[in-house]
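What follows is a single structure, written as structure tokens, with notes after it.
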Amino acid sequence: MVLVGDPDWDTRTILLRALEHAGFLARAVESGDALLDAAAGDAPDLVIAEIYLRCRSGRCTVQCMKRDPVLRVIPVLVYTSRVLASDEQWAHEIGAEGFLMKPAWIEVLVAMVRDLIATREASARRDRFPEAPPGSRGEDRPRA
């Protein structure tokens, strides 16, 4: 499930429709507080967050997520109308996995969502099934 946090109704609607058309389950909220609550309750595969959210800024929301031991594993794509070099730098420094400026082609956004979710899933598999140490699979043993 992809969780979208954006204060603009039109943007939320467009993103929900595009994500659902691409085969994702999606949910949208309009404030930072609602985004944190939904992330904690729904355990989304990815969060898309605007820097300018109501109640709690997107900056504060992403920082809270990345400091929380449970929420920090959820990838965050910052999708924003604010375009300052410092914002993109901040997003990467705080731990957001992606940054995209509005307006963006829906195809580009969906491709980023797919890539970020695939990266998270691959990382989770590696964490569950770490590679065996060299020699533990029998490759050093003589064959009969």
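Which length gain, in nm to one decimal place, applies between Tyr52 and Ala22 when the Cα-Cα distance is subtracted from 0.36 nm times their residue separation?
Gain in length upon complete extension: 8.2 nm.
Order 21-29, 84-92 from most to least packed using the mean count of other Cβ atoms within 10 Å.
Ranking the peptides 21-29, 84-92 by packing returns 21-29, 84-92.
Over 17 Å apart: what share of the alpha carbon pairs of segment 2-128 falls there, rounded to a whole percent?
Roughly 53 percent, rounded to a whole number.
How would you order 97-105, 2-10 from highest to lowest mean count of nearby Cβ atoms within 10 Å?
Going from most to least packed, we get 2-10, 97-105.
Going by how many other beta carbons lie within 10 Å of each one, how would you line up Thr61, Thr11, Thr80, fewest first?
So the residues, fewest neighbours to most, are Thr11, Thr80, Thr61.
State the extension gain, in nm to one decimal, for the chain segment bounded by Trp105 and Ser81, taking 0.36 nm per residue of separation less the distance between their alpha-carbons.
7.3 nm
With the crude spin-label approximation of a point 7 Å out along Cα→Cβ, what separation in nm comes out for Glu93 versus Ser123?
2.0
Read-outs throughout are calculated quantities, based only on the coordinates presented, and are distinct from any laboratory measurement. None of the values given here were measured: they were computed from a predicted structure. In this analysis, Cβ positions are derived from the backbone assuming ideal geometry, glycine residues included, and neighbour counts consider all displayed protein chains.
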